[in-house]
Amino acid sequence: MDEKERAAKNLEKAEHKIRILEDMIEHTTRNLYLANMELEHRSGEKLFQSKQLLEKASRELSDYKLALDASAIVSIVGVDGKTEYVNALFCSLSGFTQAEILGQDQRMVNSGFHDKDFFKIMFENIRLGKRWRCEIKNKTKDGHFYWLDMNIIPFNNKYGKPERYISISFDITEKKQRENELERQNRELQQFVYIASHDLQEPVRTIDGFARLLNTNYGLTMDEVGKKSLSFIADATTRLSMLIKGLLDYGRLGRNAERKPTDLNVVLDHVCEDLGALINDSQAEIIRSNLPEMNGFETELHLLFQNLITNAIKFRKKDSKPVIQITSRKEVGFWHFQVKDNGIGIDPAFHKKIFQIFQKLHSNTAYEGSGIGLAHCQKIVELHDGLIWVESELGKGSTFHFTLSI
(Lines give C-alpha, C1' and ligand atoms only; values in the text may rest on other atoms or scores of the structure.)
Protein backbone atom coordinates (compact mmCIF):
# COMPACT_ATOMS: atom_id res chain seq x y z
CA MET A 1 0.00 0.00 0.00
CA ASP A 2 1.44 3.26 -1.08
CA GLU A 3 1.79 6.34 0.99
CA LYS A 4 -1.35 7.97 -0.41
CA GLU A 5 -3.61 5.06 0.56
CA ARG A 6 -2.21 5.00 4.10
CA ALA A 7 -2.89 8.70 4.48
CA ALA A 8 -6.47 8.24 3.28
CA LYS A 9 -7.11 5.45 5.79
CA ASN A 10 -5.62 7.47 8.64
CA LEU A 11 -7.82 10.41 7.67
CA GLU A 12 -10.88 8.19 7.62
CA LYS A 13 -10.05 6.86 11.10
CA ALA A 14 -9.55 10.38 12.34
CA GLU A 15 -12.87 11.53 10.91
CA HIS A 16 -14.57 8.55 12.54
CA LYS A 17 -13.10 9.46 15.93
CA ILE A 18 -14.15 13.06 15.40
CA ARG A 19 -17.73 11.99 14.70
CA ILE A 20 -17.71 9.81 17.85
CA LEU A 21 -16.36 12.73 19.84
CA GLU A 22 -18.97 15.05 18.35
CA ASP A 23 -21.69 12.59 19.30
CA MET A 24 -20.32 12.42 22.85
CA ILE A 25 -20.17 16.22 23.06
CA GLU A 26 -23.71 16.50 21.72
CA HIS A 27 -24.96 13.87 24.18
CA THR A 28 -23.17 15.52 27.08
CA THR A 29 -24.42 18.96 26.06
CA ARG A 30 -27.98 17.67 25.87
CA ASN A 31 -27.65 16.08 29.33
CA LEU A 32 -26.19 19.27 30.73
CA TYR A 33 -29.04 21.24 29.20
CA LEU A 34 -31.64 18.87 30.66
CA ALA A 35 -29.89 18.93 34.05
CA ASN A 36 -29.81 22.71 33.97
CA MET A 37 -33.49 22.83 33.10
CA GLU A 38 -34.25 20.43 35.96
CA LEU A 39 -32.13 22.52 38.34
CA GLU A 40 -33.86 25.70 37.28
CA HIS A 41 -37.24 24.01 37.74
CA ARG A 42 -36.34 22.76 41.21
CA SER A 43 -34.82 26.09 42.17
CA GLY A 44 -37.96 27.80 40.98
CA GLU A 45 -40.11 25.50 43.07
CA LYS A 46 -37.93 26.03 46.14
CA LEU A 47 -37.91 29.76 45.55
CA PHE A 48 -41.70 29.71 45.20
CA GLN A 49 -42.08 27.64 48.36
CA SER A 50 -39.70 29.91 50.24
CA LYS A 51 -41.61 32.94 49.04
CA GLN A 52 -44.90 31.39 50.17
CA LEU A 53 -43.46 30.59 53.61
CA LEU A 54 -42.07 34.10 53.88
CA GLU A 55 -45.44 35.63 52.95
CA LYS A 56 -47.24 33.37 55.45
CA ALA A 57 -44.80 34.29 58.22
CA SER A 58 -45.20 37.96 57.33
CA ARG A 59 -49.02 37.69 57.50
CA GLU A 60 -48.84 35.88 60.86
CA LEU A 61 -46.42 38.46 62.22
CA SER A 62 -48.73 41.21 61.04
CA ASP A 63 -51.71 39.49 62.71
CA TYR A 64 -49.77 39.09 65.95
CA LYS A 65 -48.78 42.74 65.88
CA LEU A 66 -52.39 43.82 65.27
CA ALA A 67 -53.60 41.65 68.14
CA LEU A 68 -50.86 42.95 70.44
CA ASP A 69 -51.47 46.58 69.49
CA ALA A 70 -55.21 46.16 70.06
CA SER A 71 -54.81 44.83 73.61
CA ALA A 72 -51.50 46.04 75.05
CA ILE A 73 -49.46 49.20 75.46
CA VAL A 74 -46.22 48.60 73.56
CA SER A 75 -42.97 50.54 73.37
CA ILE A 76 -39.40 49.77 72.27
CA VAL A 77 -36.45 51.53 73.87
CA GLY A 78 -32.79 51.38 72.86
CA VAL A 79 -29.94 50.73 75.28
CA ASP A 80 -29.30 54.49 75.22
CA GLY A 81 -32.73 55.01 76.79
CA LYS A 82 -34.25 56.65 73.71
CA THR A 83 -37.70 55.58 72.57
CA GLU A 84 -37.68 53.87 69.16
CA TYR A 85 -41.33 52.82 68.89
CA VAL A 86 -44.68 53.29 70.65
CA ASN A 87 -48.06 52.01 69.56
CA ALA A 88 -51.37 53.87 69.41
CA LEU A 89 -52.53 52.62 72.83
CA PHE A 90 -49.40 54.06 74.43
CA CYS A 91 -50.19 57.45 72.91
CA SER A 92 -53.90 57.23 73.75
CA LEU A 93 -53.23 56.45 77.41
CA SER A 94 -50.30 58.82 77.99
CA GLY A 95 -51.68 61.73 75.97
CA PHE A 96 -48.40 62.17 74.08
CA THR A 97 -48.14 61.88 70.29
CA GLN A 98 -45.61 59.61 68.62
CA ALA A 99 -43.68 62.67 67.45
CA GLU A 100 -43.39 63.87 71.05
CA ILE A 101 -42.20 60.50 72.33
CA LEU A 102 -39.90 59.05 69.64
CA GLY A 103 -36.26 59.76 70.35
CA GLN A 104 -37.09 60.89 73.89
CA ASP A 105 -36.44 59.37 77.29
CA GLN A 106 -39.56 57.75 78.80
CA ARG A 107 -39.01 59.64 82.04
CA MET A 108 -41.51 62.05 80.52
CA VAL A 109 -44.27 59.74 81.90
CA ASN A 110 -42.62 59.32 85.32
CA SER A 111 -45.16 60.07 88.04
CA GLY A 112 -42.63 60.57 90.84
CA PHE A 113 -44.51 57.94 92.88
CA HIS A 114 -41.70 55.35 92.96
CA ASP A 115 -38.41 55.85 94.78
CA LYS A 116 -34.92 55.53 93.28
CA ASP A 117 -34.46 51.96 94.50
CA PHE A 118 -37.49 50.86 92.45
CA PHE A 119 -35.84 51.96 89.20
CA LYS A 120 -32.36 50.91 90.34
CA ILE A 121 -33.46 47.30 90.78
CA MET A 122 -35.35 47.41 87.47
CA PHE A 123 -32.37 48.67 85.46
CA GLU A 124 -29.93 46.32 87.18
CA ASN A 125 -32.01 43.35 86.02
CA ILE A 126 -32.81 44.38 82.45
CA ARG A 127 -29.20 45.42 81.78
CA LEU A 128 -28.24 41.83 82.57
CA GLY A 129 -30.68 40.67 79.89
CA LYS A 130 -33.31 39.50 82.39
CA ARG A 131 -37.04 39.93 81.97
CA TRP A 132 -38.66 42.32 84.48
CA ARG A 133 -42.26 42.62 85.57
CA CYS A 134 -43.76 45.22 87.89
CA GLU A 135 -46.75 47.44 88.59
CA ILE A 136 -45.81 51.04 87.84
CA LYS A 137 -47.63 54.33 88.32
CA ASN A 138 -47.22 56.77 85.40
CA LYS A 139 -48.48 60.26 84.61
CA THR A 140 -50.25 61.48 81.48
CA LYS A 141 -49.33 64.63 79.58
CA ASP A 142 -52.12 66.57 81.32
CA GLY A 143 -51.11 65.38 84.80
CA HIS A 144 -53.47 62.45 85.48
CA PHE A 145 -52.11 59.21 86.94
CA TYR A 146 -52.50 55.69 85.62
CA TRP A 147 -51.19 52.25 86.60
CA LEU A 148 -49.60 49.64 84.33
CA ASP A 149 -48.79 45.98 84.74
CA MET A 150 -45.52 46.21 82.82
CA ASN A 151 -43.34 43.49 81.32
CA ILE A 152 -39.91 44.48 79.99
CA ILE A 153 -38.27 41.92 77.69
CA PRO A 154 -34.67 42.54 76.56
CA PHE A 155 -33.68 41.78 72.93
CA ASN A 156 -30.28 40.19 73.48
CA ASN A 157 -27.43 39.65 71.00
CA LYS A 158 -25.52 36.38 70.66
CA TYR A 159 -23.42 37.35 73.67
CA GLY A 160 -26.51 37.77 75.86
CA LYS A 161 -26.18 41.55 75.98
CA PRO A 162 -29.32 43.65 75.41
CA GLU A 163 -29.55 45.62 72.17
CA ARG A 164 -32.95 47.13 72.93
CA TYR A 165 -35.94 46.55 75.22
CA ILE A 166 -39.59 45.94 74.42
CA SER A 167 -42.17 46.88 77.03
CA ILE A 168 -45.58 45.17 76.90
CA SER A 169 -47.99 46.62 79.46
CA PHE A 170 -51.66 46.49 80.44
CA ASP A 171 -53.76 49.24 81.98
CA ILE A 172 -54.68 48.23 85.56
CA THR A 173 -55.82 51.65 86.76
CA GLU A 174 -59.35 50.43 87.61
CA LYS A 175 -57.92 47.43 89.47
CA LYS A 176 -55.69 49.67 91.58
CA GLN A 177 -58.61 51.99 92.27
CA ARG A 178 -60.66 49.02 93.50
CA GLU A 179 -57.74 47.93 95.70
CA ASN A 180 -57.45 51.42 97.15
CA GLU A 181 -61.19 51.49 97.81
CA LEU A 182 -60.96 48.10 99.51
CA GLU A 183 -58.09 49.34 101.67
CA ARG A 184 -60.18 52.38 102.62
CA GLN A 185 -63.12 50.17 103.55
CA ASN A 186 -60.84 47.92 105.60
CA ARG A 187 -59.54 50.94 107.48
CA GLU A 188 -63.11 52.02 108.16
CA LEU A 189 -63.96 48.49 109.33
CA GLN A 190 -60.96 48.48 111.66
CA GLN A 191 -62.06 51.84 113.03
CA PHE A 192 -65.57 50.49 113.54
CA VAL A 193 -64.14 47.42 115.28
CA TYR A 194 -62.20 49.71 117.60
CA ILE A 195 -65.34 51.70 118.37
CA ALA A 196 -67.28 48.49 118.97
CA SER A 197 -64.60 47.16 121.32
CA HIS A 198 -64.50 50.28 123.45
CA ASP A 199 -67.46 52.62 123.02
CA LEU A 200 -70.18 49.98 122.63
CA GLN A 201 -69.10 47.51 125.27
CA GLU A 202 -68.92 50.08 128.05
CA PRO A 203 -72.63 51.06 127.97
CA VAL A 204 -73.56 47.40 127.65
CA ARG A 205 -71.58 46.61 130.80
CA THR A 206 -73.19 49.61 132.52
CA ILE A 207 -76.71 48.44 131.65
CA ASP A 208 -75.88 44.90 132.75
CA GLY A 209 -74.38 46.18 136.00
CA PHE A 210 -77.41 48.32 136.89
CA ALA A 211 -79.75 45.45 136.00
CA ARG A 212 -77.87 43.17 138.40
CA LEU A 213 -77.88 45.91 141.05
CA LEU A 214 -81.63 46.36 140.71
CA ASN A 215 -82.15 42.63 140.95
CA THR A 216 -79.96 42.41 144.06
CA ASN A 217 -81.43 45.37 145.90
CA TYR A 218 -85.05 45.33 144.80
CA GLY A 219 -85.61 41.85 143.39
CA LEU A 220 -87.60 40.66 146.37
CA THR A 221 -89.95 43.67 146.27
CA MET A 222 -90.61 43.60 142.52
CA ASP A 223 -93.76 42.21 141.00
CA GLU A 224 -93.65 39.65 138.18
CA VAL A 225 -93.67 42.37 135.50
CA GLY A 226 -90.58 44.00 137.05
CA LYS A 227 -88.76 40.68 137.39
CA LYS A 228 -89.59 39.73 133.82
CA SER A 229 -88.40 43.14 132.60
CA LEU A 230 -85.06 42.69 134.37
CA SER A 231 -84.80 39.22 132.84
CA PHE A 232 -85.36 40.70 129.36
CA ILE A 233 -82.70 43.35 130.02
CA ALA A 234 -80.21 40.69 131.13
CA ASP A 235 -80.90 38.51 128.10
CA ALA A 236 -80.65 41.49 125.75
CA THR A 237 -77.32 42.68 127.19
CA THR A 238 -75.93 39.14 127.04
CA ARG A 239 -76.96 38.82 123.41
CA LEU A 240 -75.59 42.28 122.58
CA SER A 241 -72.27 41.34 124.18
CA MET A 242 -72.19 38.17 122.05
CA LEU A 243 -72.90 40.19 118.90
CA ILE A 244 -70.16 42.69 119.71
CA LYS A 245 -67.68 39.90 120.41
CA GLY A 246 -68.64 38.19 117.15
CA LEU A 247 -68.17 41.44 115.26
CA LEU A 248 -64.78 41.98 116.88
CA ASP A 249 -63.69 38.46 115.98
CA TYR A 250 -64.90 38.96 112.41
CA GLY A 251 -62.90 42.19 112.06
CA ARG A 252 -59.74 40.58 113.43
CA LEU A 253 -59.75 37.58 111.07
CA GLY A 254 -56.56 37.45 109.00
CA ARG A 255 -55.04 40.58 110.56
CA ASN A 256 -51.32 40.38 111.37
CA ALA A 257 -51.31 36.70 110.38
CA GLU A 258 -48.99 34.86 108.01
CA ARG A 259 -49.51 31.67 106.10
CA LYS A 260 -47.39 28.80 107.31
CA PRO A 261 -47.29 25.01 106.84
CA THR A 262 -50.28 23.68 108.76
CA ASP A 263 -51.24 20.04 109.36
CA LEU A 264 -55.04 20.04 109.28
CA ASN A 265 -55.13 16.70 111.11
CA VAL A 266 -53.49 18.40 114.10
CA VAL A 267 -55.85 21.38 113.74
CA LEU A 268 -58.87 19.05 113.80
CA ASP A 269 -57.46 17.20 116.83
CA HIS A 270 -57.29 20.49 118.72
CA VAL A 271 -60.82 21.43 117.61
CA CYS A 272 -62.19 18.14 118.92
CA GLU A 273 -60.36 18.67 122.21
CA ASP A 274 -61.82 22.18 122.56
CA LEU A 275 -65.32 20.87 121.78
CA GLY A 276 -64.88 17.77 123.94
CA ALA A 277 -67.72 18.60 126.37
CA LEU A 278 -70.16 19.45 123.55
CA ILE A 279 -69.23 16.28 121.62
CA ASN A 280 -69.60 14.07 124.70
CA ASP A 281 -72.89 15.62 125.83
CA SER A 282 -74.45 15.22 122.38
CA GLN A 283 -72.79 11.80 121.81
CA ALA A 284 -71.68 13.13 118.43
CA GLU A 285 -69.71 10.79 116.17
CA ILE A 286 -67.05 12.45 114.03
CA ILE A 287 -65.82 10.38 111.09
CA ARG A 288 -62.74 11.87 109.44
CA SER A 289 -60.41 11.00 106.61
CA ASN A 290 -56.73 11.91 106.51
CA LEU A 291 -56.48 15.65 105.90
CA PRO A 292 -53.64 17.40 104.05
CA GLU A 293 -50.84 19.66 105.22
CA MET A 294 -50.97 23.04 103.50
CA ASN A 295 -49.89 26.66 103.83
CA GLY A 296 -52.61 28.48 105.73
CA PHE A 297 -53.64 30.69 108.62
CA GLU A 298 -53.66 28.15 111.46
CA THR A 299 -55.83 30.04 113.96
CA GLU A 300 -58.42 30.88 111.32
CA LEU A 301 -58.53 27.30 110.01
CA HIS A 302 -59.12 26.13 113.60
CA LEU A 303 -62.10 28.50 113.84
CA LEU A 304 -63.40 27.31 110.44
CA PHE A 305 -63.62 23.63 111.48
CA GLN A 306 -64.85 24.58 114.96
CA ASN A 307 -67.78 26.61 113.58
CA LEU A 308 -68.82 23.93 111.09
CA ILE A 309 -68.67 21.11 113.66
CA THR A 310 -70.46 23.22 116.29
CA ASN A 311 -73.25 24.02 113.81
CA ALA A 312 -73.57 20.36 112.83
CA ILE A 313 -74.05 19.42 116.49
CA LYS A 314 -76.30 22.39 117.33
CA PHE A 315 -78.72 21.82 114.44
CA ARG A 316 -79.15 18.10 115.02
CA LYS A 317 -82.44 16.23 114.89
CA LYS A 318 -84.21 15.57 118.16
CA ASP A 319 -83.51 12.14 119.68
CA SER A 320 -80.82 11.52 117.06
CA LYS A 321 -77.08 11.18 117.53
CA PRO A 322 -75.14 13.65 115.36
CA VAL A 323 -72.90 11.97 112.78
CA ILE A 324 -70.37 14.30 111.12
CA GLN A 325 -68.18 13.18 108.22
CA ILE A 326 -65.12 15.25 107.27
CA THR A 327 -63.33 14.45 104.00
CA SER A 328 -60.96 16.11 101.55
CA ARG A 329 -59.66 15.57 98.06
CA LYS A 330 -56.99 17.28 96.00
CA GLU A 331 -58.04 19.04 92.81
CA VAL A 332 -56.21 21.28 90.35
CA GLY A 333 -54.82 24.20 92.35
CA PHE A 334 -56.82 23.63 95.56
CA TRP A 335 -58.06 21.22 98.22
CA HIS A 336 -61.78 20.47 98.30
CA PHE A 337 -63.25 19.72 101.75
CA GLN A 338 -66.67 18.43 102.79
CA VAL A 339 -68.28 18.53 106.23
CA LYS A 340 -71.43 16.41 106.09
CA ASP A 341 -74.00 15.97 108.87
CA ASN A 342 -77.32 14.19 109.44
CA GLY A 343 -79.04 17.22 111.01
CA ILE A 344 -82.24 19.15 110.37
CA GLY A 345 -81.07 20.48 107.01
CA ILE A 346 -81.53 23.89 105.37
CA ASP A 347 -84.18 25.08 102.95
CA PRO A 348 -82.49 25.71 99.54
CA ALA A 349 -84.03 29.20 99.53
CA PHE A 350 -81.62 30.14 102.35
CA HIS A 351 -78.42 28.51 101.07
CA LYS A 352 -76.81 31.89 100.30
CA LYS A 353 -78.39 33.91 103.11
CA ILE A 354 -76.80 31.81 105.86
CA PHE A 355 -73.32 33.13 104.98
CA GLN A 356 -74.34 36.75 105.52
CA ILE A 357 -73.32 38.38 108.78
CA PHE A 358 -75.94 38.31 111.60
CA GLN A 359 -78.32 36.19 109.52
CA LYS A 360 -80.23 33.56 111.50
CA LEU A 361 -82.89 31.12 110.33
CA HIS A 362 -84.13 30.23 113.81
CA SER A 363 -85.16 32.12 116.95
CA ASN A 364 -82.92 32.32 120.02
CA THR A 365 -85.41 30.23 121.97
CA ALA A 366 -84.94 27.38 119.48
CA TYR A 367 -81.20 27.71 118.82
CA GLU A 368 -78.84 30.09 120.58
CA GLY A 369 -76.21 31.99 118.64
CA SER A 370 -75.21 35.33 117.13
CA GLY A 371 -75.70 34.42 113.45
CA ILE A 372 -72.09 35.23 112.60
CA GLY A 373 -70.42 31.79 112.60
CA LEU A 374 -70.90 31.02 108.90
CA ALA A 375 -69.94 34.58 107.96
CA HIS A 376 -66.67 33.83 109.80
CA CYS A 377 -66.31 30.64 107.76
CA GLN A 378 -66.80 32.47 104.48
CA LYS A 379 -64.24 35.14 105.35
CA ILE A 380 -61.69 32.50 106.42
CA VAL A 381 -62.17 30.55 103.19
CA GLU A 382 -61.81 33.74 101.14
CA LEU A 383 -58.57 34.51 103.01
CA HIS A 384 -57.33 31.23 101.51
CA ASP A 385 -58.55 32.19 97.99
CA GLY A 386 -61.35 29.64 98.15
CA LEU A 387 -65.13 29.28 98.00
CA ILE A 388 -67.71 27.89 100.42
CA TRP A 389 -71.22 26.63 99.69
CA VAL A 390 -73.82 24.22 101.08
CA GLU A 391 -75.90 21.37 99.67
CA SER A 392 -78.93 20.63 101.83
CA GLU A 393 -82.65 19.94 102.08
CA LEU A 394 -84.94 20.22 105.07
CA GLY A 395 -84.83 17.06 107.14
CA LYS A 396 -82.01 15.51 105.08
CA GLY A 397 -78.88 16.92 106.67
CA SER A 398 -76.34 19.34 105.20
CA THR A 399 -73.02 19.08 103.39
CA PHE A 400 -70.79 22.13 103.60
CA HIS A 401 -68.21 22.33 100.81
CA PHE A 402 -65.23 24.63 100.86
CA THR A 403 -62.00 24.97 98.88
CA LEU A 404 -58.58 26.21 100.04
CA SER A 405 -55.88 27.12 97.54
CA ILE A 406 -52.72 25.00 97.56
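Structure above, values below:
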quantity	calculated
Within region 337-352, considering residues that are of a type in the set (D, E, K, R) and either farther than 17 Å from Cys377 by Cα or buried (at least 16 other Cβ atoms within 10 Å of the Cβ) (or both), the one modelled with the lowest pLDDT	Asp347
Test result for Leu102, open to solvent by 60 Å² or more (accessible area, probe 1.4 Å), aliphatic (A, V, I, L, M) and either under 23 Å from Asp142 (Cα atoms) or touching a Leu at 6+ places or on another chain (Cβ under 6 Å) (or both)	yes
Helices (runs of 4 or more DSSP H) contained entirely in region 84-199, each with at least 1 residues that are within 14 Å of Ile73 (Cα to Cα)	88-94, 98-101, 173-195
Every residue from region 101-129 that is among the charged types (D, E, K, R) and without any contact (Cβ under 8 Å) to a residue 24 or more places away in the chain	Arg107, Asp115, Lys116, Asp117, Lys120, Glu124
Qualifying residue in region 118-126 (condition: on the phi < 0 side of the Ramachandran plot, open to solvent by 70 Å² or more (accessible area, probe 1.4 Å) and of a type in the set (Phe, Trp, Tyr))	yes
Among residues of region 138-160, those that are touching a strand residue (DSSP E or B) at 6+ places or on another chain (Cβ under 9 Å) and open to solvent by 100 Å² or more (accessible area, probe 1.4 Å), counted	1
So Thr173, is it under 43 Å from the mean Cα position of the chain (by Cα) and open to solvent by less than 90 Å² (accessible area, probe 1.4 Å)	yes
Residues located in region 298-331, provided they are within 17 Å of Arg288 (Cα to Cα), touching a residue at least 24 places away in the same chain (Cβ under 8 Å), out of contact with any helix residue (DSSP H, G or I) (no Cβ under 8 Å at 6 or more places or on another chain) and open to solvent by 50 Å² or more (accessible area, probe 1.4 Å)	Gln325, Thr327, Lys330
Hey, Gly276 modelled with pLDDT under 90 and in contact with a Ser or Thr (Cβ under 9 Å, 6 or more places away or on another chain) or not	no
Residue within region 263-282 that is of a type in the set (S, T, N, Q), assigned to a helix (DSSP H, G or I) and within 16 Å of His401 (Cα to Cα) present	no
Unique match (being in contact (Cβ under 8 Å) with a residue 40 or more places away in the chain, surrounded by 14 or more Cβ atoms within 10 Å (Cβ to Cβ) and under 27 Å from the mean Cα position of the chain (by Cα)) among Phe334, Phe355	Phe334
Any chance Asn295 is surrounded by fewer than 17 Cβ atoms within 10 Å (Cβ to Cβ) and either aromatic (Phe, Trp, Tyr) or part of a loop (DSSP other than H, G, I, E, B) (or both)	no
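Conditions (1) modelled with pLDDT of 85 or more; (2) within 29 Å of the chain's Cα centre (by Cα), marked per residue:
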{"site": "Leu148", "(1), (2)": "yes, yes"}
{"site": "Pro162", "(1), (2)": "yes, no"}
{"site": "Tyr165", "(1), (2)": "yes, yes"}
{"site": "Asn186", "(1), (2)": "no, yes"}
{"site": "Gln191", "(1), (2)": "no, yes"}
{"site": "Tyr194", "(1), (2)": "no, no"}
{"site": "Glu224", "(1), (2)": "no, no"}
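The values are calculated or read from the model by the stated rules, or taken from the named source; none is laboratory data. Computed from a prediction, not measured in an experiment: that's the story for all the values here. A quick note on method: Cβ atoms are made from the backbone with ideal geometry, for glycine too, and the neighbour counts reach across all protein chains shown. Remember, those area values only see protein heavy atoms, side chains included, never the ligands or the DNA or RNA. Shrake-Rupley method; radii C 1.70, N 1.55, O 1.52, S 1.80 Å.
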